[in-house]
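The structure appears right after this line, and notes come after that.
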Amino acid sequence: MVRIPSNNSSLDQKIILITGAGDGIGKQAALTFAEMGATCILLGRTVSKLEATYDSIVQAGGLEPAIVPLDMNGATHKHYLDMNTTILSEYGRLDGCLHNASVLGNLCPFNEIKPEEWQEVLQVNLTASAFMTQALIPSLKAAEHASVVFTSSGVGRQGRAFWGTYAVSKFATEGMMQVLADEYKNAHIRFNCINPGATRTAMRAKAFPAEDVTTLKTPADIMPTYSFMMSDESIGINGQSINC
Ligand SMILES: NC(=O)c1ccc[n+]([C@@H]2O[C@H](COP(=O)([O-])OP(=O)(O)OC[C@H]3O[C@@H](n4cnc5c(N)ncnc54)[C@H](OP(=O)(O)O)[C@@H]3O)[C@@H](O)[C@H]2O)c1
């Protein structure tokens, strides 16, 4: 079990890419990382939301972020390769990558899952982060130490009725993280998963519309785990599934 110290870790000089940085946990992660000194690369599909994150970072005195508008449902391998080239030419390296963007899909009995919905959920939650990671390896290798964090879920460790496609995408994400962690165990890139747990966001509200949201953690509450995993304090932690 990984114990997260109450941390004052610095993210000074870190270049960190965050997917789904326009809303929910990803937005809060970008604000927190920037507050801790990182330069953030904000990736997401809705430009106005990314611009709002950008504005909040700049207004708070953070380093100027970069915006990468990209729909991970339609993105190709070439988009990711181009992203790697741009990151290398602009920053020379990538110290951190938070794979956070995901879609829930419709919660329904397994035998009612529509092929097109299966395709979209697996594309956004799994395939896009797989090929983005593959393309970004040169930028990650250029960092002295790099941290790649995938986002899992409780249903990515224990299946649950009606959560079919989303649960499968998260199980596969955990497996992908373990494969990468093992392949790079002698390198200076570490791969881990965070399960944020029930957190007050649009996705949670879609899954549990009748829930009293005041009982839930906010994205800000879980940031100590995220910032610890991006900081040098987590060097040596590799292949772990961490609960917030
Ligand atoms: N909230 C929870 O209780 C909870 C629990 C367990 C795990 N998680 C995981 O935590 C992560 C963050 O979830 P959240 O609750 O913060 O969700 P959220 O509020 O719905 O935010 C999801 C983010 O992903 C982006 N996104 C979705 N589809 C995309 C696409 N095709 N291309 C690019 N970006 C896309 C969204 O962009 P737009 O805003 O532009 O749509 C949004 O910024 C997810 O991986 C989720 O599975 C959450």
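The values are calculated or read from the model by the stated rules, or taken from the named source; none is laboratory data. Bear in mind that the values here come from a model prediction, so they are computed numbers and not experimental data. Glycine also receives a Cβ, built like all others from the backbone with ideal geometry; neighbour counts cover every protein chain displayed.
One table, with the values for the structure above:
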| quantity | calculated |
| --- | --- |
| Members of region 165-192 that are at pLDDT below 95 and touching a helix residue (DSSP H, G or I) at 6+ places or on another chain (Cβ under 9 Å) | A187 |
| Filter result for E120 (of a type in the set (D, E), out of contact with any helix residue (DSSP H, G or I) (no Cβ under 6 Å at 6 or more places or on another chain) and within 15 Å of the ligand (Cβ to nearest atom)) | yes |
| Unique match (being more than 16 Å from the ligand (Cβ to nearest atom) and either of a type outside the set (D, E, K, R) or in contact (Cβ under 8 Å) with a residue 12 or more places away in the chain (or both)) among E35, E51 | E35 |
| All positions within region 159-202 that are free of Cβ contacts under 8 Å to residues at least 12 places away in the same chain and of a type in the set (D, E) | E183 |
| Neighbours by Cβ (under 6 Å, 6+ apart or cross-chain): first from region 18-32, touching a residue at least 60 places away in the same chain (Cβ under 8 Å) and within 6 Å of the ligand (Cβ to nearest atom); second of a type in the set (V, I, T) and in a helix (DSSP H, G or I) | none |
| Elements of type strands (runs of 3 or more DSSP E) contained in region 1-90, each with 1 or more residues being surrounded by fewer than 19 Cβ atoms within 10 Å (Cβ to Cβ) and small (G, A, S) | 66-69 |
| Test for T46: is it free of Cβ contacts under 8 Å to residues at least 40 places away in the same chain, of a type in the set (V, I, T) and within 13 Å of the ligand (Cβ to nearest atom) | yes |
| Whichever residue in region 58-110 is out of contact with any Ser or Thr (no Cβ under 8 Å at 6 or more places or on another chain) and of a type in the set (F, W, Y) and, among such residues, is farthest from V47 (Cα to Cα) | F110 |
| Unmet requirement for V213, which otherwise passes all of (1) over 16 Å from the mean Cα position of the chain (by Cα); (2) closer than 20 Å to L94 by Cβ | (2) |
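A quick yes/no check of all residues on (1) within 13 Å of the ligand (Cβ to nearest atom); (2) farther than 23 Å from I189 by Cα:
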residue	(1), (2)
M72	yes, yes
N84	no, no
S89	no, no
R93	no, no
L98	yes, no
V103	yes, yes
P109	no, yes
P115	no, yes
